[in-house]
Every structure is written in structure tokens, then in C-alpha cells.
1. Scanning region 23-41 for residues that are over 23 Å from residue 145 (Cα atoms) and hydrophobic (A, V, I, L, M, F, W, C), which turns out nearest to the ligand (Cβ to nearest atom)?
2. Among the candidates 211, 274, single out the residue that is within 19 Å of residue 334 (Cβ to Cβ) and modelled with pLDDT of 95 or more.
3. Within region 236-251, can one find any residue that is over 25 Å from the mean Cα position of the chain (by Cα) and more than 16 Å from the ligand (Cβ to nearest atom)?
4. Take region 60-73 and flag every residue that is open to solvent by 30 Å² or more (accessible area, probe 1.4 Å) and in contact with a helix residue (DSSP H, G or I) (Cβ under 7 Å, 6 or more places away or on another chain).
5. Quick check on my filter: what residues within region 115-138 are within 9 Å of the ligand (Cβ to nearest atom) and open to solvent by less than 10 Å² (accessible area, probe 1.4 Å)?
6. Being more than 11 Å from the ligand (Cβ to nearest atom) and either in contact with a Lys or Arg (Cβ under 6 Å, 6 or more places away or on another chain) or in a strand (DSSP E or B) (or both) is the filter here, so list the residues in region 47-76 that pass it.
7. Do we find that residue 244 is surrounded by fewer than 21 Cβ atoms within 10 Å (Cβ to Cβ), modelled with pLDDT of 95 or more and not basic (Lys, Arg) in this structure?
8. Could you say which residue among 84, 90 is more than 20 Å from residue 209 (Cβ to Cβ), surrounded by fewer than 16 Cβ atoms within 10 Å (Cβ to Cβ) and more than 12 Å from the ligand (Cβ to nearest atom)?
Amino acid sequence: MDAAPRGCHRGPMEETLDVDHLVVGAGAMGMAYADALVDHSDARVAVVDRRHAPGGHWLEAYPFVRLHQSASFYGVASTMLGGGRLQEHGPEAGLQERASQPEIVAYFARAADRMRRTGRVELLTGADFVGDRTVVSRVSGRRWVVPEPCRIVDARYLAPSIPAESPPPFAVGDGARVVPVNDLVRLEEAPGHYVVVGSGKTATDACVWLLGQGVDPGAICWVRPRDPWMLNRALIQPDPAVFLGVPAAIFESAAASTSLDEVFLRLEEAGVMLRIDRSVTPTMAKAPTLGEWELALLRSVEDVVRRGHLAAVERGRLHFTDGSTVQVPDDAVVVHCAADGLKNPPLVPVWQPGLITLQPVRAGFPCFGAAVTGYVEATRDDDDEKNRLCPPSRFGDSLAQWAEMNVRGTRASMAFGAEPDIADWAATVALNPARVPPGHPGSPELDRVRARLAASTGPGLVALEQMARGA
Ligand SMILES: Cc1cc2nc3c(=O)[nH]c(=O)nc-3n(C[C@H](O)[C@H](O)[C@H](O)COP(=O)(O)OP(=O)(O)OC[C@H]3O[C@@H](n4cnc5c(N)ncnc54)[C@H](O)[C@@H]3O)c2cc1C
């Protein structure tokens with residue numbers, strides 16, 4: 001924790017934190033917001049987090065996790081995560097580098113140092129925001145209060161739940177071996193069988209890691225309540241001629257389809273969306289990115305259980321909420337990958353009196369959304385205008401929510417993108433996946449994809465909106 005923050009003593013242990021913004025949460029969202037705000041204003045900011053350092057959930061993430069997107073799309077606007085390098089070896093040679101957990105955590109520590117060096121940012125770690133404008137250290141018990149004009153910035157509104165910190169959402173009977181995904185790296189003896197529980201990115205990572213460690217695909221049972229659609233990582237790359245092809249394909253597919261299932265099937269044909277089992281129509285569209293090499297590995301796991309959610313685990317038996325039971329070997333290790341990693345709380349105006357609630361703005365890419373919000377807070381005075389420029393969008397989950405995310409996100413991008421200063425700034429920010437950086441040489445491919453996007457956005461948006469409503 002920093003040297004004592006500026007301020008004066010109030011109660012025996014209470015001090016005033018003399019800042020303009022109190023950012024609650026030093027995860028990716030809070031850091032991206034504070035970084036952009038500090039770089040484009042003279043605001044004084046305090047960032048508080050109950051964890052011991054900045055970085056949020058990454059501090060407790062499973063050790064073999066990697067960003068599922070290009071590192072350059074993640075982090076804060078002022079400083080690129082990684083070096084924007086292409087991978088030279090392995091199954092993703094030619095694609096952008098993806099940061100590992102230690103790299104992400106070290107990066108946020110550097111980003112925090114950079115903010116501190118402005119002399120206008122305090123970082124209070126190991127401290128809780130307890131409401132009523134009050135922060136309490138979990139270590140010293142010291143209390144800080146922020147004065148009335150100070151704005152509270154809620155940067156934990158989307159905070160994911162992670163297996164390391166949340167109990168499995170099913171009962172565990174005596175003698176059953178259930179471990180959070182993090183503990184896979186701590187097993188002392190190889191079990192004969194694994195049961196991976198979850199439909200999201202963490203479960204796919206766990207399967208890919210186990211197979212990469214040489215576990216026989218036949219020794220994995222995958223409890224997958226829902227099948228996910230996932231984005232092809234080869235297309236979620238910082239090259240605009242590649243990236244812009246994705247929204248173009250989405251709008252073209254939407255305009256040509258009568259249902260969301262049809263939209264996704266067209267996107268699968270176009271190589272944009274991937275699914276593990278082509279005989280099953282996915283019902284989940286959180287749309288993380290996946291490599292085609294990972295897809296091939298995941299398809300080798302044939303023992304897939306689709307009986308809804310797991311209710312309870314006993315030694316040798318899995319009980320489902322539909323009342324059915326599945327036998328598994330007695331020594332099976334059940335791997336908890338079933339925490340809610342992508343939250344979808346109700347959408348609220350980002351700016352409300354005294355409060356800023358960070359939410360995605362463009363479709364996906366939450367770090368860029370938080371950075372745009374920080375930039376707009378730094379450069380605009382009127383809250384109605386700020387809310388017009390940054391209407392919140394949601395994360396996808398169901399197909400209809402995915403469609404809504406794309407409609408809201410695209411409309412938001414149009415709103416803030418129409419502002420010359422924001423457009424200029426956003427073109428310089430690596431977090432912005434749709435940017436064409438200043439000085440980009442241009443290319444016939446880029447011209448073509450931009451023409452496709454210009455032609456398809458209008459009809460595609462209308463079609464997506466109708467399908468989202470009708471779903
Ligand atoms: C395993 C995993 C991989 C992911 N990969 C990607 C990816 O590749 N790309 C991508 O864009 N997104 C990814 N995501 C989505 C991810 O949710 C977001 O990218 C982002 O990291 C969320 O950050 P956050 O700041 O909202 O939440 P967090 O990182 O959880 O930060 C919120 C912070 O608030 C603190 N806090 C909460 N309440 C209080 C309080 N009262 N007082 C003080 N502190 C408090 C918490 O301690 C926490 O540190 C991934 C998510 C997971 C779980």
C-alpha cells in the first residue's frame with residue numbers, strides 16, 4: 001500500500017481522501033478507466049481494491065490461463081500489453097501473442113506505477129469500499145472517507161466469479177474428489193479419470209490443458225450443460241482488414257437470415273464462429289475466442305454429458321437437476337469450472353448523480369469500453385451528453401443477448417465514433433479492435449472489407465434487432 005494518502009484526520013482512525021474520483025476495483029475495468037481519465041484530465045483519483053495488488057481476478061486465475069484474445073486488445077489505453085508481436089512458433093504461429101497470467105499481473109502493476117508517477121493517483125490495496133463513501137483497510141483497520149463532490153466509480157459491477165474463489169454450484173458428497181480448476185496443477189498423483197464441469201472458456205481451457213499434459217481423451221468426461229458458439233481467434237486480430245471482416249460477416253449473415261440459429265450457421269460457414277460438436281445446435285453465445293487447434297483437441301473428448309446442471313456429486317456418481325444419474329469411476333477427479341465468469345447485471349446509465357457504473361460500451365472488449373468511459377469523463381462536462389456517447393451494452397450469453405450486445409455495441413460505437421476527438425483518440429488505442437491506426441498504408445483488402453461493412457451494417461442491425469426481440 002502507498003504512503004499515507006493526502007488528507008486530514010476526522011475521527012480517531014478516519015481520514016479524508018481528497019480526490020475527485022474513487023474507483024472501486026483495480027481489475028481491468030477500473031484500471032482502464034483510471035488510466036484514460038488521468039491521461040486526459042487533471043483529476044485526482046483513488047483506486048481501491050480488497051485484493052493485495054492491482055489486476056483483479058487475474059491474481060487468482062488458474063495458472064495455465066492465457067488471454068483468449070490478442071494481448072494488445074487488453075489492459076489500459078496508455079500502455080500496450082505485450083509488444084504487439086506475432087507468435088513465431090506453435091499452433092498459433094502468425095497470430096498475435098496472448099498474455100499469460102503472470103504477464104497480465106505484472107502488466108497491471110506497471111500500469112499502476114505509471115499512474116502513481118502522475119502524483120494524482122493513490123492505489124489502496126487490501127482495502128474494502130464499505131459504502132457511504134468509506135474505505136476500510138483490511139490490514140491496518142484505517143478508514144478513509146471521500147468528500148461529497150467525489151464521484152464513486154463502480155468498477156466491480158461486472159466482476160467475474162472464478163472457481164478459485166467460489167464453491168462449486170453443486171453439492172459434494174463424502175469421498176467425492178472435487179477440485180477448482182486451479183488445483184489441477186497441484187495434483188500429486190494422476191487419477192484414472194477426470195470429470196470437467198462447465199460450458200465456458202474455463203472448461204475448454206481445462207480440457208485443452210489436460211490433453212496437452214497427455215491425458216487420454218477417453219479419460220475425460222465433460223459435463224457440458226450448454227454448447228457454446230465461439231469466435232475463431234484467427235479473425236480476432238489487430239489487423240483491420242481481418243478484424244473488420246467479422247462485423248461485416250455478422251451483419252451480412254443477419255440480413256440474410258430469419259433466425260439467430262441461421263445467423264450462427266452462416267457465420268460457421270464463413271469461418272467466423274466455431275462449435276465443438278456440429279451435430280448439436282449451441283444455445284450459448286458468450287463468444288470467447290478459440291483456436292482451431294484447440295477445437296480439434298476438444299473434439300477428441302467424446303464422453304460429453306448434456307443433462308442440464310449438476311445437482312450433486314458422490315463418489316462414483318453424478319446427480320443432475322433433471323433427476324438423472326451418471327456413473328463415473330470412483331477415483332474420478334471432478335474439476336470445478338462452473339463459476340459465472342461473465343456477468344450480465346441489469347444495464348444502468350453509466351453516469352448517475354455521484355456514481356459512474358462501468359459497463360461494456362462497444363460489443364465486447366470491456367477494457368476498451370472502460371477506457372472510452374474514462375476518456376469521455378475527462379473531456380465532457382454534461383452527464384446526459386456522456387450517457388448519449390457511452391450507452392452501456394451487455395455481454396452475450398443466450399443467442400438473443402449476443403444479438404442485443406451487437407446492436408447496442410454498434411450503436412454506441414457510432415455515437416462516440418462520430419465525435420472527432422474521440423475518433424482520433426480511439427484510432428491510437430490498441431484496445432480498440434476496430435481501429436485503423438493512423439498511418440496505416442491501406443490495402444485493397446481493407447477497402448473491400450470496409451465497403452462490405454458500410455453496405456451491411458444498416459440492414460444487419462435492423463435484422464439482428466428484430467431477431468433479438470423475437471427470440
Ligand atoms: C478466466 C477468465 C479469462 C478471461 N479472459 C478474457 C479475455 O481474454 N479478454 C477479455 O476481454 N475478457 C476476458 N475475461 C472477462 C473479464 O471478465 C474481463 O475481461 C475483466 O477482466 C473483468 O475485470 P473487472 O475489472 O470487471 O473485474 P475484476 O478483475 O474482478 O476486478 C474487480 C475488482 O473489484 C474488487 N472489489 C470488489 N468489491 C470491492 C469492494 N467492496 N471494495 C474493494 N474492492 C472491491 C475485487 O477485489 C476485484 O479485484 C476473462 C474472464 C475470466 C474469468
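The values are calculated or read from the model by the stated rules, or taken from the named source; none is laboratory data. Note that the coordinates shown come from a computational prediction; the quantities given were computed from them, not determined experimentally. As a convention, Cβ positions derive from the backbone with ideal geometry for all residues, glycine included, and neighbour counts pool all protein chains shown. Quick note on the areas: whole protein, heavy atoms, side chains included, nothing else; ligands and nucleic acids left out. Shrake-Rupley method; radii C 1.70, N 1.55, O 1.52, S 1.80 Å.
1. Selected residue: 28.
2. Numbers: 274 fails: within 19 Å of residue 334 (Cβ to Cβ).
After applying the criteria, what remains is 211.
3. First, pick out the residues of region 236-251 that are over 25 Å from the mean Cα position of the chain (by Cα): none.
No, because not a single residue in region 236-251 is over 25 Å from the mean Cα position of the chain (by Cα) and more than 16 Å from the ligand (Cβ to nearest atom).
4. 63, 64, 68
5. Correct list: 124, 127, 135.
6. Restricting attention to region 47-76, the residues satisfying the condition of being more than 11 Å from the ligand (Cβ to nearest atom) are 63, 72, 76.
76 - this is the single residue of region 47-76 that is more than 11 Å from the ligand (Cβ to nearest atom) and either in contact with a Lys or Arg (Cβ under 6 Å, 6 or more places away or on another chain) or in a strand (DSSP E or B) (or both).
7. Values: surrounded by fewer than 21 Cβ atoms within 10 Å (Cβ to Cβ): no; modelled with pLDDT of 95 or more: yes; not basic (Lys, Arg): yes.
Spelling it out, it is not the case that residue 244 is surrounded by fewer than 21 Cβ atoms within 10 Å (Cβ to Cβ), modelled with pLDDT of 95 or more and not basic (Lys, Arg).
8. Working: 90 fails: more than 20 Å from residue 209 (Cβ to Cβ).
One residue alone meets the criteria, 84.
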